[in-house]
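Below is one structure, written out as structure tokens, with a few remarks after it.
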Amino acid sequence: GLHFTDRVFDELRSRHIDCEELTLHVGAGTFKPVKSDVLAGHEMHTEYISVRRETIEILIRHEGKAIAVGTTTVRTLESLYYLGVLMHSNPDIDQDQLHISQWQPYGDESSELSVLDSLNSILTYLNLHKIEILHATTQIMIAPGYRYHIVKAMVTNFHQPQSTLLLLVSA
């Protein structure tokens, strides 16, 4: 997140708080106002994420629990859960097929993996394919009714009315 200065991050680290960086290349869909009368009429654009192997390992050490700084971090961390589910069911999937669709989180909840099983599936996939940085795409829409998996708290700032980011915070 862009919310903290280097000084704040240094203070967090001095208190032995793990701080990790990950990347979501934000697309227009994140900031595009929701204009449709029903949420299903709004289309999120595809965004690219990249997460280092070490970040996955740290998440596992923290039992799959994280405090996210910024909404892009929230979207990336929550996409990781669904990427792990995808890899668990298809460990040989090509990396260019690692994509989370907009409404995927709202599908059948009865066959969910635990967060740790999902993250371990990512680590297994990275090991199997000798990958150090996970690259994938996401269109994840987080809105009221969404059940968070990895993010347990969030630091964020103000958001525009009718934005998908305000929906994410509302969830």
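The values are calculated or read from the model by the stated rules, or taken from the named source; none is laboratory data. Values in this document were obtained by computation on a predicted structure and should not be read as measured data. A quick note on method: Cβ atoms are made from the backbone with ideal geometry, for glycine too, and the neighbour counts reach across all protein chains shown.
Of all the numbered requirements in (1) out of contact with any His (no Cβ under 7 Å at 6 or more places or on another chain); (2) surrounded by fewer than 17 Cβ atoms within 10 Å (Cβ to Cβ), Val155 misses one, and that requirement is (1). Being among the acidic types (Asp, Glu) and either more than 30 Å from Cys19 (Cβ to Cβ) or in contact with an Asp or Glu (Cβ under 7 Å, 6 or more places away or on another chain) (or both) is the filter here, so list the residues in segment 97-118 that pass it. The answer is Asp108, Glu109.
Please give the helices (runs of 4 or more DSSP H) falling wholly within segment 1-87 in which 1 or more residues are surrounded by fewer than 16 Cβ atoms within 10 Å (Cβ to Cβ), of a type in the set (Lys, Arg) and modelled with pLDDT under 95.
Hits in segment 1-87: 6-14.
Remark: pairs (first residue in segment 66-85, under 16 Å from Arg53 (Cβ atoms); second residue assigned to a strand (DSSP E or B) and polar (S, T, N, Q); Cβ separation under 8 Å; 6+ apart in sequence or on different chains) = Thr76/Thr23; Thr76/Thr138.
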